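Some notes on the structure that comes next.
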Amino acid sequence: MSRILIFDTTLRDGEQSPGCGMTAAEKLRMAHELAELGVDVLEAGFAASSREDADAVRSIAREVHGPVVAALARATQGDIHAAADALDSCGSPRIHVFIATSDIHLAHKLRIGREECVERAAAAVALARTLVDDVEFSAEDATRSDPDFLARVVETAVREGATTINVPDTVGYAVPSEMGELITALLERVPGLKERVVSVHCHDDLGLAVANSLAAVQAGARQVECTINGIGERAGNAALEEIVMALRVRRDRLGARTAIRTERLHRASRLLSHLTGIQPQPNKAVVGRNAFAHEAGIHQHGVLAEPRTYEIMTPEMVGAPASTLVLGKHSGRHGLDARFKHLGYALTSEEMDRVATDFKALAARKRDILDEDLLSLLHHGALEDVPPIHRLEELDVRCGGEVSRARVALAGNRPGGAHTAEAEGDGPIAAAFAALGGALGVDVVLEDLAIRAASPG
Ligand code: KIV
Ligand code: ZN
């Protein structure tokens with residue numbers, strides 16, 4: 001049975017998507033979680049893109065052990081040196097160089113011809129190999145490239161010493177049969193490719209990223225690039241949890257396995273949602289809130305009689321907590337500790353102090369505390385790298401008539417800006433933000449607003 005390498009790009013391709021930005025401390029926390037999950041390669045960032053990205057790569061490279069840590073670089077000397085510098089203290093570094101190979105990208109983005117593309121690819125891989133032993137080469141927009149030219153560029157990268165060759169479906173254009181045929185053709189015609197790792201990197205513009213990745217695996221790809229919750233550019237990347245569970249549940253058909261600890265999938269998904277504020281849709285496969293909920297009576301009856309009637313995998317396999325009533329206001333630290341252990345979390349004594357205090361406050365307001373509440377308490381306030389600037393002391397909004405009125409009081413230590421303000425608006429939200437802007441002395445533009453319950457009930 002072949003072993004598929006899981007290359008996680010949540011912190012690079014995923015983090016690039018709108019609303020998914022993370023601070024360096026948040027990335028480091030997520031990177032530790034991904035290492036515990038068992039990913040083989042962790043793409044930590046694009047070092048040349050900003051100082052923050054380079055710092056994030058550097059701290060992950062220094063502090064996270066287990067996976068290979070990769071840094072992305074365009075096929076330029078500056079990018080490749082920036083990646084190598086950021087990976088300096090890493091035990092298992094990988095430089096991931098890429099250049100587009102489709103005519104449309106060459107003509108309109110890079111404004112170079114095919115010959116120059118081959119030369120740049122060769123020089124980039126050769127330079128990266130002088131800096132690290134592990135070099136991945138990606139042919140961006142491979143699936144829309146002329147197959148003969150793609151094979152030529154891949155052959156060049158192999159000759160210059162690339163250890164992994166990645167075939168991205170950058171714009172999510174391919175269909176599964178095509179993806180499989182492309183991988184088969186490359187493996188057949190590029191000398192030496194069978195001795196390297198062939199990788200696939202699919203975007204989800206047509207909702208086919210996971211299907212395309214699995215088709216590539218069936219055709220001989222040995223590495224899959226993916227992200228937790230499928231976050232990523234536009235419609236996202238292939239979802240790690242879906243690839244991994246498809247390979248586990250349908251091992252009979254797909255004949256391949258990963259080293260992922262699947263029982264940690266749910267917590268990795270929740271941590272990412274907590275850090276980015278972006279929740280997967282409720283019916284999202286594997287990690288969605290409803291992924292294991294059986295609503296229809298006939299289904300409930302079947303599952304009670306025999307879970308396999310409607311369940312192809314159990315919540316335990318992915319570490320999803322049952323929505324059971326677990327604790328109440330009389331529960332003590334021991335009860336809390338035992339429940340967290342049951343959920344797979346070993347809390348430090350500082351974490352337990354913080355969670356126990358927050359738990360008491362929550363239990364005073366909410367009768368039944370669920371597993372989801374405990375996870376929410378654990379994640380909430382766990383990152384102290386953002387210094388508090390203002391605290392919202394009071395928010396009073398009156399609405400119902402034509403005009404809404406709001407009053408805001410802030411406590412804070414930043415100079416400038418009144419600490420209380422009142423404002424009107426054409427609705428309660430407009431009034432509240434106008435008052436907030438007045439108190440802060442800035443113009444507030446509301447870009448997005450979401451309200452959700454932290455847990456059921
Ligand atoms: O989608 C893409 O082509 C990429 C490459 C940089 C691998 O993200
Ligand atoms: Zn991508």
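The values are calculated or read from the model by the stated rules, or taken from the named source; none is laboratory data. Please read these numbers as outputs of a predicted model, since none were measured by experiment. Using ideal geometry, Cβ is built from the backbone for each residue, glycine included, and neighbour counts are taken over all protein chains shown. Just the protein is used for accessible areas: all its heavy atoms, side chains included, with ligands, DNA and RNA removed. Shrake-Rupley method; radii C 1.70, N 1.55, O 1.52, S 1.80 Å.
One table, with the values for the structure above:
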item: Breaking point among (1) surrounded by 17 or more Cβ atoms within 10 Å (Cβ to Cβ); (2) under 22 Å from GLU242 (Cα atoms); (3) basic (Lys, Arg), for ARG29; result: (2)
item: Qualifying residue in the range 332-344 (condition: closer than 20 Å to ASN229 by Cα and modelled with pLDDT of 85 or more); result: no
item: Qualifying residue in the range 187-201 (condition: within 16 Å of ligand 1 (Cβ to nearest atom) and over 25 Å from ALA35 (Cβ atoms)); result: no
item: Strands (runs of 3 or more DSSP E) within the range 161-256 that include 2 or more residues in contact with a Ser or Thr (Cβ under 6 Å, 6 or more places away or on another chain), within 25 Å of ALA320 (Cβ to Cβ) and open to solvent by 10 Å² or more (accessible area, probe 1.4 Å); result: none
item: LEU265, sole failed condition from (1) within 16 Å of ligand 2 (Cβ to nearest atom); (2) open to solvent by less than 10 Å² (accessible area, probe 1.4 Å); (3) of a type outside the set (Gly, Ala, Ser); result: (1)
item: Near pairs, Cβ below 8 angstrom, 6+ apart or cross-chain, from the range 243-270 (more than 21 Å from HIS379 (Cβ to Cβ)) to any residue that is assigned to a helix (DSSP H, G or I) and among the charged types (D, E, K, R); result: ARG257/ARG248; ARG257/ARG251; THR258/ARG248
item: Some residue of the range 126-139 being without any contact (Cβ under 8 Å) to a residue 40 or more places away in the chain, touching a Ser or Thr at 6+ places or on another chain (Cβ under 8 Å) and surrounded by fewer than 24 Cβ atoms within 10 Å (Cβ to Cβ); result: yes
item: Complete set of residues in the range 340-371 that are surrounded by fewer than 17 Cβ atoms within 10 Å (Cβ to Cβ) and among the aromatic types (Phe, Trp, Tyr); result: TYR345
item: Criterion: among the small types (Gly, Ala, Ser), away from ligand 1 (no atom under 16 Å from the Cβ) and under 23 Å from ARG261 (Cα atoms) - qualifying residue of ALA221, ALA211, ALA216; result: ALA211
item: Which listed residue, of PRO307, PRO321, is over 30 Å from GLY220 (Cβ atoms), without any contact (Cβ under 8 Å) to a residue 40 or more places away in the chain and not charged (D, E, K, R); result: PRO307
item: When residues of the range 116-142 are limited to those that are out of contact with any Phe, Trp or Tyr (no Cβ under 9 Å at 6 or more places or on another chain) and of a type in the set (Val, Ile, Thr), the one nearest to ligand 2 (Cβ to nearest atom); result: VAL135
item: Qualifying position, being on the phi > 0 side of the Ramachandran plot and away from ligand 1 (no atom under 16 Å from the Cβ), among GLY19, GLY78, GLY45; result: GLY19
